[in-house]
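The values are calculated or read from the model by the stated rules, or taken from the named source; none is laboratory data. What you see is a predicted model, and the numbers here were worked out from it, not measured in a lab. Glycine also receives a Cβ, built like all others from the backbone with ideal geometry; neighbour counts cover every protein chain displayed. Quick note on the areas: whole protein, heavy atoms, side chains included, nothing else; ligands and nucleic acids left out. Shrake-Rupley method; radii C 1.70, N 1.55, O 1.52, S 1.80 Å.
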Amino acid sequence: MSKEIKILPAGLANQIAAGEVVERPASVVKELMENSLDAGATSILVEIENGGQTLVRVTDNGMGISASQLETAVLRHATSKISCIEDLMGIVSYGFRGEALPSIASVSRFRMTSAASTENGGTAEAASISVLFGAAQQPVPAALNRGTCVEVAELFSNTPARLKFLKSPASEQKKIVEVFAKTALASPDAGFTLKSGGRELLRFEPGQDLPARLARLWPPAVVDSLRSFDVSTGGMRLYGMASNPLSSQPRADRMLFFVNGRPVNDRLLMKAVRQCYQGKITSRDYPQIVLFVVLPPGEVDVNVHPAKNEVRFRDEQGVFAAVLGAVGSALQGIPLPSEQFRREWPDGRQDSGGTGSVQKPRPLGFWGRADDASIMDRPPQRHFDPLESDLPAHSLREGTDREELSILPMGKGSPGEHARGCEPQERPGSAPAGDLPSGGSPADEAGGQIRQDAPVQEARGFAYLGQIARTYLVFSRNGESLLVLDQHAMHERIFYEKFRRSGSLGESRPLLIPMEMELHPAESARYLELRSDLVRLGFEITCRGQRCSVLATPPDMDRTSTLDFLREALSGKTDDLRSAWIRHACATAIRAGQELSQGDAMQLLAEWLATEEPDFCPHGRPCAISLGRPELEKLFKRHQSK
């Protein structure tokens, strides 16, 4: 027998709505602060007790609510923000559903006092309305100079099931501080004060700029690493501040996004920002960023979540591309450790203007349809003599002694090292460089050969000081600064860019004896997806059923490396060929724990400085740390005032 369908009582409906809108005391603070801003407030005071569970009070100097409308204001779906369905397509206010006040009032002792502004610039008589866990009382006269004061006491006292899910007062207070700070960052013209138990926790003065407000929230070291950006494109404006990749952290709590002034949690914006930092930080780390996206209201839907903390963009691809460009512009202006060294290195790469500054490449795209012209950026063309060396042309320069360009030491890596995300460890029995096979030709480098004729030298003031833990190479420059390098990370960067250049040229090296591969059905399906990209990288492969023959490979890959790379690419462990190249470069590079001679170290430095993006390995770990006189004086506290 079917049950009778009934209309829910108003009190129960409000409590259900409260479950969507009011998750915790921080939700109350968010809704009330947004109401204050919608009312034109320029000063907002938030007071809490016991983490907001005992009391939340928000007082503002906004336009207020007239006494005759106080009763309507606490009814469900009562709002002054919209009046017709067309208004939903152009929402410019924070609130518009008309659910916040009645939802909060249904699970608390609620009182709202307001003094409305009059047309002649004065203020009407104040009035107050109380709602006891959903039961509204008649408005009564009250005392208030201007604006609105909302008090929410004993939150969730009538819903014990909700009450038990609240955290400790300290945890709830932390959530309130986060909501308070995000709201203040989005409204720099207004002043905000937060108090707990009568003690001031946080204050933002009206008119503060973004760096000044961030300085109240984040440590100086983080704020100092931020760089501003402000880009307008495609009818959008994107502005904010982004951090130096070297100051990344293992949490995402300092990635703040705002869309038309509304704090949001948006996966699209998060993904775009992380792509900007790809290759500059590890996959486990996050940058610090505050990103504001301003676009026409009709281009974004803010009505997709009851708490309005999620949005949906009409043109997601356009927004994604705009974020890449805006944040990328900030990252291009951040000085990196390698720049002061490469200006004086014999490779001598400078900009066309002759200023000596290094040209930074554009952010790399996906190795597929997004880069139809080439798999990756084509490097600048320079003179190259294949009889002297198989190193890429960017290593050579007019007047450079070719003995300085000998082949770098190589080491074969284990697959397990990839799974740790480029965290090379010393392996038992690692042979020092002098014990590796010698006398190999340049073409043997992928097989672990090392040339022993790398010269011992000082070049342009660079002096090799030694190797620490058989992993970190230490150099000085003109006796004024130190450069500490991770030998695995820098060699990994060298090989990654070498593989990338080979792919951009699309050249092939035919094999005298084809290599045969048996493919699993899943590998065969993956091959069909990647076939065109593999061809453009220089592979020539024919398949019959589950059996493939590799007829040609990129010039810089031997048979073993080819099989390893193809197995990696077809396994599905990586999303694209770029990731497979990264893992392949990691396996090919020398290891932590491998001893290098002075000549090998100088050679490694030369090749590393000649790469396009030397400061980070392909996984995003830093390759170098630079310590100049100011940094050393700070470490030794010689000038503590700095």
Practice item. Could you state how much accessible area PHE616 has, in square angstrom rounded to the nearest 10, with a 1.4 Å probe and all protein chains kept in place? Key: 10 Å²
Review point. Which percent of the accessible heavy-atom area of segment 459-559 goes to carbon and sulfur, probe 1.4 angstrom?
Key: 56 percent
**Study point:** Computed accessible area, ARG526, all protein chains, 1.4 angstrom probe, square angstrom
**Key:** 40 Å²
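Can you tell me the dipole magnitude for segment 195-316 around its Cα centre, using point charges on the Cβ only (Lys, Arg +1; Asp, Glu -1), in Debye to the nearest 20?
340 debye
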Review point. According to a simple spin-label model (label point 7 Å from Cα along Cα-to-Cβ), what is the distance in nm between ALA153 and SER168?
Key: 2.7 nm
Practice item. Please report how far the C-alpha centroid of segment 597-632 lies from that of segment 510-532, rounded to the nearest whole angstrom. Key: 36 Å
Revision key, fill the gap. Sorted by accessible surface (1.4 Å probe, heavy atoms of the protein chains only), largest first, TRP218, TRP608 come out as TRP218, TRP608
Review point. Which pairs, out of LYS6/LYS164; LYS30/LYS195; LYS280/LYS498; LYS175/LYS195, put more than 22 Å between their alpha-carbon atoms?
Key: LYS6/LYS164
Exercise for review: Grab the other residues whose beta carbon is less than 10 angstrom from that of SER130, score K and R as +1, D and E as -1, and report the net.
Suggested key: +1
Revision key, fill the gap. Nearest-0.05 FRET efficiency for ILE625 and ASP224 at R0 = 22 Å, using Cβ-Cβ distance, is 0.85
Exercise for review: Just the number, please: carbon plus sulfur as a percent of the accessible area of segment 600-642, 1.4 Å probe, no ligands or DNA/RNA counted.
Suggested key: 55 percent
**Study point:** GLU497 accessible area, assembled protein chains, probe 1.4 Å, Å²
**Key:** 0 Å²
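Rounded to the nearest 5, what is the percent of antiparallel bridges among the DSSP beta bridges in segment 249-295? Each step should come with its number before you reach the end.
Numbers: 4 of 10 bridges.
Looking only at bridges with both residues in segment 249-295, the antiparallel portion is about 40 percent.
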Revision key, fill the gap. The orientation-averaged projected area of the Cα convex hull of segment 167-252, in nm², is 7.6 nm²
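Sorting THR123, THR611 by accessible area (1.4 Å probe), largest first, what list results?
Largest to smallest exposure gives the sequence THR123, THR611.
May I ask you to rank SER43, SER549 by accessible area, largest first, using a 1.4 Å probe over the protein chains only?
Per-residue accessible area, sorted high to low, gives SER43, SER549.
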